[in-house]
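All remarks here apply to the structure that follows.
The values are calculated or read from the model by the stated rules, or taken from the named source; none is laboratory data. As the structure is a prediction and not an experimental result, all values here were calculated from the model. Methodologically, a virtual Cβ is constructed for each residue, glycine included, from the backbone with ideal geometry; neighbour enumeration extends over all protein chains shown. The protein model used for the area step is the full one, side chains on, heavy atoms only, and it has no ligands, DNA or RNA in it. Shrake-Rupley method; radii C 1.70, N 1.55, O 1.52, S 1.80 Å.
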Amino acid sequence: MRTVLRKTGVLILTLLLVTLFAFLAFELIPGDPTTMLLGSDYTPERAAALRESLGLDRSVAARYLDWLVSFVTGDMGRSYTYSMSVREVLRGKIAVTAVLSLLSWVLVIAVSVPLGVALVRYQKKPFGKIGFSLNQVMMAMPPFFLGILLTYLFGILLKLFTPGKFVPLSEGPGRSLAYLFFPALAISLPKIAKTVKLLRASILSEMRREYVLTAYSRGNSRWMVIKNHVFRNALLPVVTYLAMSLADIVASSIIVEQVFVVPGLGRLLVASISNRDYPVALCIVVMIASVVVVMNYLADILTQAIDPRVRLS
Amino acid sequence: MFDLKNKTFRAGAVITLVMLLIITVGVFWTPYDPNAMDAAGKMAGPGLRHLFGTDNFGRDIFSRVVQGAGATFFIALCSVSIGLAAGLLVGGLTGYYGGWVDELLMRLNDTLTAFPSLLLALVLIAVFQGGKYNIILALGVLFIPTFARIVRMEVARQKALDYVANARLMGVGDMRILFVHIMPNIWPVLLSAVAIGFNNAVLAEASMSYLGLGVQPPDPSLGRMLNEAQGYLLRAPWYALSAGAAIILLVLGFGLLSEGLGGDGRA
């Protein structure tokens with residue numbers, strides 16, 4: 001319990017540092033937002049007035065505290081490019097990215113565990129050897145290129161979906177999910193490959209432990225040893241990895257959304273960085289980073305809960 | 001140090017060397033001028049005349065991929081060098097001296113690792129803006145914490161060993177101990193980190209340029225080619241396939257190399 005409290009303290013501190021870091025990074029960007037906002041209407045007087053109304057004339061520390069307080073209370077400021085609040089700009093986008101990430105995560109968990117075990121079980125057979133080599137290549141596959149490949153294969157050749165025609169969640173959750181399945185596949189396949197590799201290595205290193213020898217000596221076959229003795233122990237590092245991988249998945253969805261033209265947080269983030277719409281970009285960065293920090297914290301707690309050995313050390 | 005019997009290392013070394021050879025030759029000679037347009041030969045399929053076919057302007061894709069791979073590799077080389085040099089300095093000094101600066105920097109490092117690297121790359125690109133040299137800077141800064149952490153850990157471990165105490169008793173200065181005595185001993189660990197650094201740099205450059213935030217026209221890059229190629233997926237799928245294959249081979253080569261050198265092959 002004490003460690004959980006301590007970790008929660010560290011969590012809050014990290015979250016604060018993350019917001020501070022993101023805020024400062026966007027402060028460092030050269031250029032004055034008023035030049036862009038005013039465009040051809042630019043005069044020094046108007047710029048000064050706008051700076052004051054945006055609060056840009058105050059110190060960095062004061063603006064950070066203001067921003068933090070309003071962010072936490074749900075007021076995320078106004079977008080530079082759209083004449084609405086950041087909150088309205090974000091509406092609907094969060095759900096899309098959340099659904100896409102969760103779908104990818106479920107795919108990773110559902111496929112990688114059985115596949116990893118199968119690769120060890122048939123390690124010496126052609127299936128195991130070819131599978132392992134394919135797995136190595138899949139690990140090197142950038143998700144966005146995989147997305148392009150899947151678009152070509154399933155969208156253009158097989159016509160299983162229309163590339164670029166995303167169905168909003170409100171118009172038909174089923175059709176929306178059917179479309180999101182392909183970007184989810186692009187995100188999850190490289191992640192599956194990495195998880196399979198980790199699980200395979202974990203099982204193989206567990207196989208060298210002494211209790212495995214005992215299990216063999218009692219007449220168990222290799223498969224029985226793996227299934228009944230090794231699997232549960234070997235799964236521990238993988239569970240932590242899977243819990244932490246949700247963070248990476250959210251990050252890869254930033255770029256895969258671009259490939260499949262999915263109107264989520266990632267596309268909005270890229271667009272707002274190109275358009276120099278920094279209030280929107282800052283909010284998205286802080287939101288994604290916070291999700292990551294919280295997920296890693298939960299993964300840490302989960303590991304302790306399922307493995308008493310970690311708790312003791 | 002180079003375990004030639006290790007299959008993973010051998011595979012990685014072969015792929016990387018072949019890619020580097022093609023890139024080096026490509027600096028001096030490509031079958032066609034990568035920018036020469038040919039209105040009559042637009043979107044030609046792969047064949048003997050054009051190995052990987054031609055694009056929407058009739059430009060030879062093989063020549064363009066070779067040139068793009070060179071540009072991507074150059075960016076990776078520069079950004080890894082920046083990250084490594086700064087990481088050696090920061091990690092070496094903090095690992096050797098310890099103290100509150102060390103504590104503070106490591107806390108900062110922990111915070112930075114809380115960001116997924118792709119997100120951090122996007123933030124840094126927003127700070128440095130796009131363009132070839134800015135992306136080198138942005139990625140270089142992105143890699144500093146990783147290298148600094150590895151160097152710091154190794155230096156702190158080596159510092160406790162007898163040979164360092166020996167050197168100190170013989171009156172060797174701190175800087176000499178750190179850079180002449182300790183550094184050579186951490187190379188094996190660093191090499192694997194450098195290989196994975198290249199892997200990440202190629203991926204990051206390709207991703208950012210694909211998003212249109214990295215290398216800008218007319219500078220070539222594999223990521224930018226993929227971005228263009230996606231628009232012609234229906235009529236010239238070989239365009240995207242060739243650019244993507246080059247990225248995969250670069251990433252795969254460095255990934256296997258890092259694994260063969262004893263890293264865990266993960267970022």
Order A:Glu206, A:Glu52, B:Glu228 by their accessible area, 1.4 angstrom probe, all chains in place, largest first. A:Glu52, B:Glu228, A:Glu206
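When a/c is below 1.5 the answer is rounded, else prolate if a/b is larger than b/c, else oblate, so apply that to the stretch B:69-138 with a ≥ b ≥ c taken from the square roots of the Cα gyration tensor eigenvalues.
Details: a/c = 2.95, a/b = 1.65, b/c = 1.79.
The shape class here is oblate.
Please list the helices of chain A that count as membrane-span-like by this rule: a mean Kyte-Doolittle hydropathy of at least 0.0 together with Cα atoms stretching 30 Å or more along the helix axis, each helix being a complete DSSP H run. Don't skip to the answer; put the middle values down first.
Working: long enough: A:2-28 (39 Å, 1.62); A:93-121 (42 Å, 2.01); A:173-206 (43 Å, 0.71); A:231-260 (39 Å, 1.33); A:278-306 (41 Å, 1.93).
Going by DSSP H runs, the hits are A:2-28, A:93-121, A:173-206, A:231-260, A:278-306.
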Which residues of the stretch A:137-161 show a drop of at least 10 Å² in accessible area when all protein chains are present, compared with their chain alone (probe radius 1.4 Å, heavy atoms only, ligands and nucleic acids excluded)? A:Val137, A:Met139, A:Ala140, A:Met141, A:Pro142, A:Phe144, A:Phe145, A:Ile148, A:Leu149, A:Thr151, A:Tyr152, A:Ile156
Between A:Met84, A:Met287, A:Met139, which gets the highest mean-square fluctuation from a Gaussian network model of chain A, Cα cutoff 10 Å? A:Met84
Would you mind checking the tilt of helix B:117-128 against the longest principal axis of the Cα atoms of chain B, expressed as 0 to 90 degrees and rounded to 10? 80
Taking all protein chains as present, what is the carbon and sulfur share of the accessible area of chain A, in % to the nearest whole number, probe 1.4 Å? 65
Probe 1.4 Å, accessible area per residue of chain A, Å²: 50
Toward the positive end of the charge dipole of chain B, about the Cα centre and with charges on Cβ (Lys, Arg +1; Asp, Glu -1), which of B:Leu118, B:Leu261, B:Gln67 goes farthest? B:Leu261
Cα centroid separation, the stretch B:202-245 to the stretch A:53-103 (Å): 31
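Going through the stretch A:104-150, which trypsin sites (Lys or Arg not before Pro) have at most 10 other Cβ atoms within 10 Å and a DSSP loop state?
A:Lys124
In Å², what does the accessible area per residue of chain B work out to with a 1.4 Å probe? Please report the intermediate quantities before stating the final value.
On the way: 11990 Å² over 267 residues.
Result: 45 Å² of accessible area for each residue.
Run the dipole for the stretch A:134-270 about the Cα centre, Lys and Arg Cβ at +1, Asp and Glu Cβ at -1, nothing else charged, and hand back the magnitude in debye, nearest 20. Before the final figure, lay out each step's value.
On the way: 14 positive and 5 negative charges, 96 e Å.
I would put it at about 460 debye.
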Pull out a ≥ b ≥ c, the square roots of the eigenvalues of the alpha-carbon gyration tensor of the stretch B:117-228, then state rounded if a/c is under 1.5, prolate if not and a/b is larger than b/c, and oblate in the remaining case. prolate
Cα centroid separation - the stretch B:99-159 against the stretch A:180-234, whole Å: 33
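Could you grab the relative contact order for chain A? Cα pairs under 8 Å, six or more apart, rounded to a whole percent. List each step's numbers first, then the result.
Numbers: 304 pairs, mean separation 78.4, N = 313.
So the answer I get is 25 percent.
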Test assert for the stretch B:116-137: residues whose accessible surface shrinks by at least 50 Å² between chain alone and all chains, 1.4 Å probe, equal B:Pro116, B:Leu118, B:Leu119, B:Leu122, B:Val123, B:Ala126, B:Val127, B:Gln129
With a cut-off of 8 Å between alpha carbons and a minimum separation of six or more residues, what is the relative contact order of chain B in percent? 28
Dipole axis of the stretch A:76-151 (+1 Lys, Arg; -1 Asp, Glu on Cβ), positive-most option in A:Leu107, A:Met76, A:Tyr122: A:Tyr122
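Name the shape class, rounded, prolate or oblate, that the alpha-carbon gyration tensor gives for the protein assembly as shown, where a ≥ b ≥ c are the square roots of its eigenvalues, rounded holds for a/c under 1.5, and otherwise prolate holds if a/b is larger than b/c and oblate otherwise.
Rounded.
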Assigning unit charges at the beta carbon (Lys, Arg +1; Asp, Glu -1) and nothing else, what dipole magnitude in debye, to the nearest 20, does the protein assembly as shown show about its Cα centre? 2240
Over 24 Å (Cα to Cα) - which of A:Lys93/A:Lys197; A:Lys194/B:Lys7; A:Lys191/B:Lys132; A:Lys194/A:Lys227; A:Lys7/A:Lys194; A:Lys197/A:Lys227 fall in this group: A:Lys93/A:Lys197; A:Lys191/B:Lys132; A:Lys7/A:Lys194
When the helices in chain A are scored as -39500 (n - 2.57) per DSSP H run of 4 or longer and the sum is shared across all residues, what 222 nm value do you end up with, to the nearest 500 deg cm²/dmol? -24500 deg cm²/dmol
